[in-house]
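The structure appears right after this line, and notes come after that.
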Amino acid sequence: MTAAGARLDAWLAERLPAISRNRLKAWIEGGHVQVDAVAGMPARRLRGGETVTLQPQPAADARAYAPEAIALAIVHEDEALIVVDKPAGLVVHPAAGNWDGTLLNALLHHAPLLEGVPRAGIVHRLDRDTSGLMVVAKTLAAHTALTRQLAARSVRREYEALVAGRVAKAGIVAAALGRDPRQRTRIAVRPENDSGARPAVTHFRALRHYLRDSVEATLVECRLETGRTHQIRVHMQHLGHPVVGDQTYGRAPWKAWLPRQALHARRLALTHPESGRLVEWSSPMPADIKGLIASLERL
């Protein structure tokens with residue numbers, strides 16, 4: 001392809017076949033390609049004879065495993081594991097749209113040895129806007145032990161959730177979960193024989209009920225028997241009691257009560273991978289959920 005009359009993006013793509021057109025376009029639009037010292041545009045037509053300068057940029061996912069100095073609330077740390085109290089808003093693992101600024105990046109800065117452990121030692125997750133306790137393995141042996149405990153369902157994970165409406169005293173939701181066929185970013189209750197559906201079991205118990213000026217809500221304790229994506233949020237919605245503030249599975253007017261789901265991982269108990277002893281940790285309810293409950297009490 002001769003330069004005269006060619007589009008800048010097409011001309012570059014012919015000369016750099018190993019680089020995708022989308023990445024080249026992003027570089028151009030980001031001002032990293034100059035034509036005669038002036039930032040180019042993808043559709044710019046070349047006259048021929050210009051000087052084209054390209055400054056290659058790292059792929060977005062190249063930052064996924066970069067250590068970052070992000071503050072961590074560490075509840076416990078020893079030679080085998082770290083227990084972190086994750087704040088709402090912190091993404092756990094890098095993925096599209098969140099390649100940096102994650103818990104994983106923070107862990108690699110705090111403990112560089114985690115670079116040698118799968119997923120920097122992360123063996124389970126919390127949703128971005130769910131707060132509370134997570135355990136991280138610091139060694140390969142601890143990672144294997146914790147993964148096996150999770151598979152055996154012997155790790156005890158308890159949550160507090162403020163949900164809409166009046167909840168029965170206690171119960172169990174045993175409903176398989178899978179991708180919502182109508183909206184793939186959501187999880188939905190699916191038939192157990194459905195392709196992609198996985199068994200999911202949540203135990204729940206009402207802790208306190210609020211009824212003020214026709215506003216009704218219940219603080220519930222939820223215990224995971226399995227750990228599927230969005231499990232508590234979808235199971236409570238399935239019962240007709242979505243988590244207050246849940247922007248994905250909630251409903252008006254409860255979405256406006258809190259900018260994130262009122263869901264907190266308050267207790268974590270497991271067998272220590274080195275000592276073999278049962279160990280447990282707890283986390284107090286965060287200020288935003290506590291404040292919401294206080295407002296319900298004042299209504």
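Exactly one residue among 19, 74, 28 is modelled with pLDDT of 90 or more and either of a type in the set (Val, Ile, Thr) or under 26 Å from residue 146 (Cα atoms) (or both), and that residue is 74. Annotation note: Cβ proximity below 9 Å between a residue of the range 180-203 that is surrounded by fewer than 11 Cβ atoms within 10 Å (Cβ to Cβ) and a residue that is among the hydroxyl-bearing types (Ser, Thr, Tyr) (sequence gap 6+ or interchain) occurs for 185/248.
The strands (runs of 3 or more DSSP E) found entirely in the range 214-299 that carry 1 or more residues being at pLDDT 95 or above and basic (Lys, Arg) are 215-224, 263-271. Selection of the range 9-29 for residues being more than 19 Å from residue 50 (Cβ to Cβ), more than 29 Å from the chain's Cα centre (by Cα) and in a loop (DSSP other than H, G, I, E, B) yields 17, 18, 19. Among the residues of the range 102-143, write down those that are among the β-branched types (Val, Ile, Thr), touching a strand residue (DSSP E or B) at 6+ places or on another chain (Cβ under 8 Å) and free of Cβ contacts under 8 Å to residues at least 60 places away in the same chain. Those that are among the β-branched types (Val, Ile, Thr), touching a strand residue (DSSP E or B) at 6+ places or on another chain (Cβ under 8 Å) and free of Cβ contacts under 8 Å to residues at least 60 places away in the same chain: 117, 122, 123, 136. Scanning the range 258-273 for residues that are surrounded by fewer than 18 Cβ atoms within 10 Å (Cβ to Cβ) and either farther than 21 Å from residue 225 by Cβ or within 18 Å of the chain's Cα centre (by Cα) (or both) gives 259, 272. Pairs are defined by a Cβ separation below 7 Å, a sequence spacing of at least 6 or placement on different chains, a first member in the range 274-299 that is in contact (Cβ under 8 Å) with a residue 12 or more places away in the chain, and a second member that is of a type in the set (S, T, N, Q); the pairs so defined are 286/131.
Residue-by-condition table, conditions (1) modelled with pLDDT under 90; (2) surrounded by fewer than 17 Cβ atoms within 10 Å (Cβ to Cβ); (3) not assigned by TED's automatic domain parsing to the domain that holds residue 275:
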site: 79; (1), (2), (3): no, yes, yes
site: 90; (1), (2), (3): no, no, yes
site: 94; (1), (2), (3): yes, no, yes
site: 99; (1), (2), (3): yes, no, yes
site: 103; (1), (2), (3): no, no, yes
site: 106; (1), (2), (3): no, no, yes
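Within the range 279-289, the residues that satisfy the criterion of being surrounded by 12 or more Cβ atoms within 10 Å (Cβ to Cβ) and closer than 23 Å to residue 256 by Cα are 285, 286, 288, 289. Restricting the range 30-43 to residues that are touching an Asp or Glu at 6+ places or on another chain (Cβ under 8 Å) and outside any strand (DSSP E or B), which is farthest from residue 54 (Cα to Cα)? For the range 30-43, the residue satisfying everything is 43. Exactly one residue out of 78, 85 is closer than 23 Å to residue 267 by Cβ and over 17 Å from the mean Cα position of the chain (by Cα), and it is 78. Scanning the range 89-137 for residues that are within 10 Å of the chain's Cα centre (by Cα) and not charged (D, E, K, R) yields a total of 12.
Does residue 46 qualify as being surrounded by 12 or more Cβ atoms within 10 Å (Cβ to Cβ), among the hydrophobic types (A, V, I, L, M, F, W, C) and farther than 24 Å from residue 142 by Cα? For residue 46, the condition - surrounded by 12 or more Cβ atoms within 10 Å (Cβ to Cβ), among the hydrophobic types (A, V, I, L, M, F, W, C) and farther than 24 Å from residue 142 by Cα - is met.
The values are calculated or read from the model by the stated rules, or taken from the named source; none is laboratory data. A quick note: this is a predicted structure, and the numbers were derived from the prediction, not measured. Cβ sites come from the backbone with ideal geometry, for glycine too, and all protein chains shown count toward neighbours.
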